[in-house]
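Notes follow the structure.
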Amino acid sequence: MKIDIIFWAMCINGEGSSLVTKNLITSILKLKNKNIKIVITNSSTLYRLLSSNGTIKNNRNKIIIFPKFFRNYLFQILIKTLFPINYLCKSLITMDDFPFYFHKNQILYFQQAGIVKGHNLRWKLRRAFFKILIRKNHTIFTQTFHMKKSLHDKFKLSEKQIITQLHEV
């Protein structure tokens, strides 16, 4: 039986993105009659936030915790391009920098402006990888209209593909 929703937050480690992700996890855990799995890594800011408020302890059967080395970009390239997550879940919410290549019913919560604007080699490689993985059927959520326009212009994405909603942390 497929999982209804996988909430993928394996690479979340920054302070701001961890606060936003923690609040989204708190909300998604309130959904009733849904088979939900949340994927995170240990030793991250997000892990510490979820541990300190009891979320991990109270939802142990819904939260999958991987070792921190899974945040490595080499692992992410392999996971996002080769792992057939579409066989495991009906819907996917991805909080990391990159979408899963194979999953069509996916929302990518885009938080990494460097992929659009960064100029060093690291950002150029991430941008190229993002360009390979992004599909026309992915929905991208941004926090600002400026980022929506930047994504649209840089990656030639459809306006309908990008949702922008301001929110509070």
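The values are calculated or read from the model by the stated rules, or taken from the named source; none is laboratory data. This is a predicted model, so every value here is computed, not measured. Neighbour counts run over all protein chains shown; Cβ positions are idealised from the backbone, glycine included. Calculation scope for accessible area: heavy atoms of the full protein, side chains included, ligands and nucleic acids excluded. Shrake-Rupley method; radii C 1.70, N 1.55, O 1.52, S 1.80 Å.
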*Considering only the other residues whose Cβ falls under 15 Å of the Cβ of LYS57, what net charge follows from Lys and Arg at +1 and Asp and Glu at -1?*
+4
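Tell me the Kirkwood hydrodynamic radius of the range 28-143 in angstroms, computed as one over the mean inverse distance between distinct C-alpha pairs. Could the numbers behind the result be given before it?
On the way: mean 1/r = 0.0643 Å⁻¹.
That comes to 15.6 Å for the range 28-143.
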*Excluding ligands, DNA and RNA, what is the solvent-accessible area per residue of the chain at a probe of 1.4 Å, expressed in Å²?*
55
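Net charge near ILE5: determine it from the other residues with C-beta under 9 Å of the C-beta of ILE5, scoring Lys and Arg +1 and Asp and Glu -1. Each step should come with its number before you reach the end.
Values: positive: LYS34, LYS37, LYS90; negative: ASP4.
Within the 9 Å Cβ shell, the charges total +2.
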*asked:* Out of the total accessible area of the chain (probe 1.4 Å, heavy atoms of protein only), what percent is carbon and sulfur?
replied: 59
*Euclidean distance between Cα centres, the range 48-114 to the range 1-33, Å*: 9
*In whole Hz, with x marking every Gly and Pro, tabulate ³J(HN,Hα) for the range 11-27 from phi via Karplus 6.51 cos²θ - 1.76 cosθ + 1.60, θ = phi - 60°.*
9, 6, 9, x, 4, x, 5, 5, 5, 4, 5, 4, 5, 5, 4, 4, 5
*Enumerate the amide H contacts of ILE3 below 5 Å, restricted to partners 5 or more residues apart or on another chain; note that Pro and chain-start residues carry no placed amide H.*
CYS89, LYS90
*Give me the lysines in straight-line cross-link reach of LYS34: C-alpha distance below 21 Å, same-chain residues under 8 apart excluded.*
LYS2, LYS22, LYS57, LYS62, LYS90, LYS104
_Residues whose placed amide H lies under 5 Å from that of PHE141, excluding near-sequence neighbours_ = LEU108, TYR109, PHE110, ILE163
*ILE38's amide H: which non-local residues (gap 5+, or another chain) put their own amide H closer than 5 Å, with H modeled 1.01 Å from N in plane and none for Pro or chain starts?*
PHE7, ILE63, ILE64
